[in-house]
Amino acid sequence: MAVPEFLPVKPGKMIAVHVAFESRAAQRGRWPKTPSYFLKATSTLAESGGIVERPQGTELLAFEGEIALIIGTPARNVSLEDAWKHVAYVTASNDIGLYDYKVQDKGSNTRSKSRDGYTPIGPELIDAQGIDPKGLRLRTWVNGEVVQEGTSSDEDLIFPLAQFVADLSQHMTLEAGDIILTGTPAGSSVIEPGDVVEVEVDVPGGVSSGRLKTTAKEVPASFDPQLGNLPYVDDKQREDAYGDRESAGLPPKDEGGLAPELKAALEKAPTAGLSAQLRKRGINQSVIEGVYPQATGTKMVGVARTLRFVAGREDLFKSHGGGLNEQKKVFDTVKEGEVIVIEARQESGSGTLGDILALRAKVRGAAGVVTDGGVRDYEAVKEIGLPVFTQGAHPCVLGRKHVPWDSDIAVSCGNATVLPGDIIVGDDDGVVVIPRDIAAEVAEDALAKEHEDEWVASQVETGASLDGLFPPTGANKEAYIAFRDGKAGGQ
């Protein structure tokens, strides 16, 4: 592919941002703490009015309307304050990707996003020094219908545009002509052969890049299995390419991804029995210590969503405690069937949630909350009906002892390590953490042991000695097996 003639200098490199828009992060349920990037080959560049090819046998060709920055003067170790001075032009771009190759790329996006023609750009350049970098608007149309809209304001972007220039300049020299693709808002999705995508960047009421037009077309495939991987698609790739499961035509995940039969088994199994089975498998620290349900008789089963607080520090709370902070993001995006597990360092001297956050989690279908800290608005939270396991009540707000810091990572709650996706089960005895890959067998064996213990209890009630009965051995073992199997003679 020829480099578009309107570009002032042939770019030496092109760098793309993974996630930069609040709406895109909310759609994915994950917010980056710092920018992350990948490289796109400059041979992918194409002009407006061109064709983007989808090879036969693939299905997930997706568009991403983006704001492109074109470097004007070399930038090396520039400050955030000076970074924008190194941007010569702004224009529209379309960061097209073939999600059929996303798995094989393992995060590099090399094959999925560096095919020829997969970065249309233009058609006109906007003078970057003549505009407010926070005053841009980005819109995308598919077949004439607006499907994406965002701005470069602080409300829409997680990071300001200038930060990408300053950050990247710490690691490499950005040279004249280099291009930075700055991420896409929510609404990116799959296109079919014949679909027409248009992208425009403008200052409302002012200058514009014009509409960047690209048409999708199916072409014969040229994949040789002797040379490399073939395309691969599963439901996870479809969900990512379309933006969500509903748009991809996929059924919603049940109970946070738990199979109904496994959830039912875990609801029957007591935490005491589950912890015993985990210990038999060499996992001794499976209990989240010091937490109990607000309401007696609570049973909670769900998939872990994690949140971590660090110890309170005034300057850090000022920078991380306000607005849509990490705590609020988790409660605002928790999914049906998930249990929010909070690491609060077993510090109960301040609340780690209150009634509003509990209500938000309840409305979103959360299975519960576990915190090794305190809960404020204690009675109000209890009335909401969301299962909450905690050390107890405390009236003070978060900032007294905690700073909301991170989420969706490994946490240590009540001396138990919890990974996102672990299975959390709680009852009156407390809360246990079960690794996902052994949950089914742990539940099955715990229920079998529960059945045996019920038989033992019935024998004790009739006056039987515990000797050789708890657990059953010898004749008692045979009697239990006969009872279990419904054989004649079983007691």
Please list 3J(HN,Hα) in residue order for segment 83-94, calculated via the Karplus relation 6.51 cos²θ - 1.76 cosθ + 1.60 where θ = phi - 60°; whole Hz, with x for glycine and proline. 4, 5, 4, 8, 9, 8, 9, 10, 7, 8, 8, 10
May I ask for the distance between the Cα centers of segment 287-309 and segment 46-67, given as a whole number of Å? 46
Taking the solvent-accessible surface of protein heavy atoms with a 1.4 Å probe, what is the per residue accessible area of the chain in Å²? 44
The ratio Rg/Rh over the Cα atoms of the chain, Rh being the Kirkwood inverse mean 1/r radius, stands at 1.09
Set of lysines near Lys236 by C-alpha distance (under 21 Å), chain-local residues within fewer than 8 positions excluded: Lys102, Lys106, Lys113, Lys253, Lys335
For segment 12-246, evaluate the Debye formula with one uniform point scatterer on each Cα (no solvent term) and list log10 I(q)/I(0) at q = 0.12, 0.18 Å⁻¹, rounded to two decimals. -0.62, -1.42
Need one number: nm distance between label points at Ala464 and Ile51, each 7 Å from Cα along Cα→Cβ, rounded to one decimal. 8.0
Sort 157-163, 123-129 by the packing proxy (mean of other Cβ within 10 Å over each peptide's residues), most packed first. 157-163, 123-129
Take every DSSP beta bridge with both residues inside the chain and express the antiparallel ones as a percent of the total, to the nearest 5. 70
I'd like to know how segment 296-382 sits against the 2.2 N^0.38 Å rule of thumb: what's its Cα Rg over that expected value? 1.07
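The values are calculated or read from the model by the stated rules, or taken from the named source; none is laboratory data. A quick note: this is a predicted structure, and the numbers were derived from the prediction, not measured. Positions of Cβ are generated from backbone atoms using ideal geometry, with glycine treated the same way; all protein chains shown enter the neighbour counts. Each accessible area value is taken on the protein alone, full model and side chains, heavy atoms only, with ligands, DNA and RNA left out. Shrake-Rupley method; radii C 1.70, N 1.55, O 1.52, S 1.80 Å.
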